[in-house]
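The values are calculated or read from the model by the stated rules, or taken from the named source; none is laboratory data. Note that the structure is predicted; figures quoted are calculated from it, not measured. A quick note on method: Cβ atoms are made from the backbone with ideal geometry, for glycine too, and the neighbour counts reach across all protein chains shown. In case anyone asks, the SASA skips ligands and DNA or RNA and just uses the protein heavy atoms, side chains included. Shrake-Rupley method; radii C 1.70, N 1.55, O 1.52, S 1.80 Å.
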Amino acid sequence: VVAALDGPAGLYVHIPFCERICPFCPYNKVAGGEEVAARYFDALQSELESFVAAHADRFGVPFSSLYLGGGTPTMYPDRLERVLAALPVAGPRAIEVLPTHGAVERLDDLRRIGVTSVSIGAQSFNDRVLRRLGRPHDAAMSHAAVTNAMGRFECVDVDLIVDVEWERGGLSGAFLRDVRDCFGLGVDQVSTYPLMRFGFTPFGAATHDRRREHAVLSRATEIAVRMGYERRSVWTFNRVGSPSYSSITRRRFIGAGAGASSFTGRDFFVNGFGVERYISSIITDGSAVDRSFRLGRWSGAAYEAFWQAYAGRVDPRTISDTYGRPVGDVAVACAKMLSVLGVLGRNGRGYVVTPRGFDIYHDLERSITYRFVEPLWAEMLAEGGNDGWARPERARSGLEWRVARRLYGRSVAGRGPLVS
Ligand SMILES: C[S@@+](CC[C@H](N)C(=O)[O-])C[C@H]1O[C@@H](n2cnc3c(N)ncnc32)[C@H](O)[C@@H]1O
Ligand code: SF4
């Protein structure tokens, strides 16, 4: 993974344990337990040691950032502390916080061990919405976790979920009230995720009313502007001048832990999902990489441009500097065409995504999630990692995924074929 990198990277660490499984959530996780957690953290430590040594050898600088995600990364704080102590990181150190773990003492512990940014998984401040989501906390706890975090970290993000069908069915206005509450509290960032219906989760697949989704996000944008916030990406709003809490827009990242992925510029790698499978892979050959996708320079550039656009700007110069002049020229031509169509607007020598562009991106992002992420995760869950909560056979999977797998997918020796 490190050999494939074209420059220093951020580090992602996955903690795949949860106290209770939420029925809407597609992420790689299992119910925790002290014994399995102890063995998992030992394996994680060993995988991280290899990454730390290889990254230092190759680039001579610390990781540019750290992201602790899950699952529930706040579940085993003492074990986490030992992991963090051994990681050289220059930039922000961010973690996802389950509101149940949002008491002042626990947050102070996170700060003590070096965490600089938190994302509070509030989802809503409405008890009926939280019950529908099957969350392990109520609205009061969501609220307390957010207020406790404020002022303790450089950046506080709050995750909200919006499902326009629920808004129609008796919970009218709940999401926009949540958005207003967050802005009123003065948090740095509010992430507004449209509920994704992965077929393999207990919630199952469903269709979306995309026009209503566009309308509700555009209404949230109006409220944001009135209250001193700006739309900084497709699904995030930031207080003007505040830092961004970024989970998915790192340019290059190395992933450690079960199911973690890495993007190196031209290659994409995914570790096996199963916790036991992960532990035994690390013990037997020091790596848990299970899937490798060779994107090459054109698709690598498209991937990079896609995530630039998520964050609201496209800079063809970076694409040209990284992937070469011909790729950069095509990026400029595409950006010019998208400006004519009103999807991008000019901003100095770069481009910004317009409100119409954000609507199109919103649809595109979901389509990519259902066409590529869902079938990949379902395959990986079927091979281990599913302790009963997921039904991989119910996942969406279609021609696009089969073509992408054949074009880019490579099996990793000894871990089963990706393309048979
Ligand atoms: C790994 S989860 C959260 C971490 C922590 N375990 C928690 O629940 O608070 C990261 C975020 O993904 C979002 N998320 C989870 N499932 C989702 C889904 N099906 N659709 C949209 N967003 C989802 C939630 O907002 C959640 O806070
Ligand atoms: S939403 Fe968070 S707590 Fe719920 S299952 Fe997913 S990772 Fe676990």
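Tabulated values for the structure
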read-out: Interchain or long-range residues, amide H under 5 Å from residue 256's placed H; value: 12, 13, 14
read-out: Carbon plus sulfur fraction of accessible area for segment 284-420, probe 1.4 Å, in percent; value: 58 percent
read-out: Probe 1.4 Å, accessible area per residue of segment 60-169, Å²; value: 37 Å²
read-out: Of all accessible heavy-atom area on segment 1-99, the percent that carbon and sulfur account for (1.4 Å); value: 55 percent
read-out: Table column - 3J(HN,Hα) (Hz), segment 7-23, Karplus curve with 6.51, -1.76, 1.60, x for Gly and Pro; value: x, x, 10, x, 10, 10, 10, 9, 10, x, 10, 9, 6, 9, 8, 7, x
read-out: Theoretical gain in end-to-end length, residue 373 to residue 46 [0.36 nm per residue, Cα-Cα removed]; value: 115.0 nm
read-out: Shape of the chain, Cα gyration tensor, a/c cut at 1.5; value: rounded
read-out: Using θ = phi - 60° and Karplus 6.51 cos²θ - 1.76 cosθ + 1.60, couplings along segment 307-319 (whole Hz; Gly, Pro as x); value: 6, 4, 5, 4, 7, x, 9, 10, 10, x, 5, 4, 5
read-out: Under-5 Å amide H pairs with residue 312, H placed in peptide plane, nonlocal only; value: 234
read-out: Compactness of segment 331-373 as Cα Rg over 2.2 N^0.38 Å, two decimals; value: 1.28
read-out: Solvent accessible area, Å² - residue 334, 1.4 Å probe, full protein context; value: 60 Å²
read-out: Euclidean distance of C-alpha centroids, segment 67-93 and segment 142-161, integer Å; value: 18 Å
read-out: Cut-off 15 Å between beta-carbons: net charge of the residues surrounding residue 216, Lys and Arg +1, Asp and Glu -1; value: 0
read-out: Whole-number percent relative contact order across segment 254-364, with pairs defined as alpha carbons under 8 Å at least 6 apart; value: 17 percent
